[in-house]
């Protein structure tokens, strides 16, 4: 028994004519005839007495049709409820954002998002990637914003933008007219400052420069890109930073990579069962409005994986 078969029965009861009923259901007359016969065979009695013209329901058919009308009405109400629920953004939503994205992205979108959606409360926590994945699996959070691809079977990824990496060093170590640097150039540089283990950005930096050695007598690994920049400013060496971490007031020099630029892919991620596409769309639109347009348009790049 299917909902489609019930709809055919209701149409036949309404029009009492197979051809007219079939047209109202946008199917052929043989289709509606075959499907109603299959239904009657399944339930074990005739719904319509076809010996007279126009035909009419049997006594059991009348009872069946009343039940079918109730079922279809309830299904219609359920569909309307689900549709409204998918479009409704009222409520509290939990979002995990990795620390190398959060301080540069969240302040940009918070004010405008809250003004546009005053009934939507976002509870945002900085979390490392592995913790976001676990929290999504356990449904402890609703949305993650992090670096992809994750290649997790239970996670849906909605790409936002490609963010380039930028070389950050002391100004005295490079000529003023140096505008670009290649990944090959930095392979033999010493004293790279890294985020501590657990940060996907650390792995990406190592994948670019193939150098984890810091031969200075201060061994410092941080969870903050800003702290690494300060170490470069005051102690030397270099680090790599995402482009959104660059500030015009930085004491160090910011040098772009030659093309194709190394980039990280930033995405919204949700559990496959998460149904609030309206929230995903709203976040995506807000983020893309606030991030540099070239992040999305840039076609020449090398995606740096972190796994």
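Coordinate-derived values only; no laboratory data. This is a predicted model, so every value here is computed, not measured. For neighbour counting, all protein chains shown are included, and Cβ atoms are generated from backbone atoms with ideal geometry for every residue, glycine included.
Structure notes:
- Rough spin-label spacing in nm, given labels placed 7 Å along Cα→Cβ, for residue 248 and residue 289: 2.3
- Structural descriptor for the chain: relative contact order 21 percent, calculated from alpha carbon pairs under 8 angstrom and at least 6 residues apart.
- Applying 1/(1 + (r/R0)^6) with r as the Cβ-Cβ distance of residue 173 and residue 296 and R0 = 30 angstrom yields a FRET efficiency of 0.35.
- Fluctuation leader among 144, 91, 237 - the chain, Gaussian network, Cα springs under 10 angstrom: 91
- Theoretical ellipticity at 222 nm over the chain - DSSP helices of four or more residues, -39500 (n - 2.57) apiece, nearest 500: -13000 deg cm²/dmol
- Peptides 52-63, 155-166, 127-138 ordered by packing proxy, namely the average of other Cβ atoms within 10 Å per residue, highest first: 155-166, 127-138, 52-63.
- Antiparallel DSSP beta bridges within the chain, as percent of all bridges there, nearest 5: 60
- Contour minus Cα-Cα distance for residue 234 and residue 69 (0.36 nm per residue): 51.7 nm
- A straight line joining the Cα centroids of region 160-208 and region 24-39 runs 67 Å.
- Cα-projected label distance for residue 126 with residue 3, points at 7 Å along beta-carbon direction, nm: 4.7
- Relative contact order for region 86-190: 30 percent, from Cα pairs under 8 Å spaced at least 6 residues apart, divided by residue count.
- Degrees, to the nearest 10: 102-116 long Cα axis against longest axis of the chain: 40
- Rounded tilt (10° steps) of 29-43 against the dominant C-alpha axis of the chain: 80
- Reducing region 96-153 and region 255-271 to their Cα centroids gives an inter-centroid distance of 17 Å.
- Normalised by the number of residues in region 164-262, the average gap of Cα pairs under 8 Å and 6 or more apart makes the relative contact order 51 percent.
- Note on residue 26 and residue 151: the model spin-label points, each 7 Å out from Cα along the C-beta direction, lie 4.2 nm apart.
- Among the listed values (1) 63, 18, 17; (2) 32, 22, 18; (3) 38, 23, 15, the one computed from these coordinates for semi-axes √(5λ) of the Cα gyration tensor in Å is (1).
- For the chain, the longest principal axis of the Cα atoms and the long axis of helix 59-87 meet at an angle of about 20 degrees.
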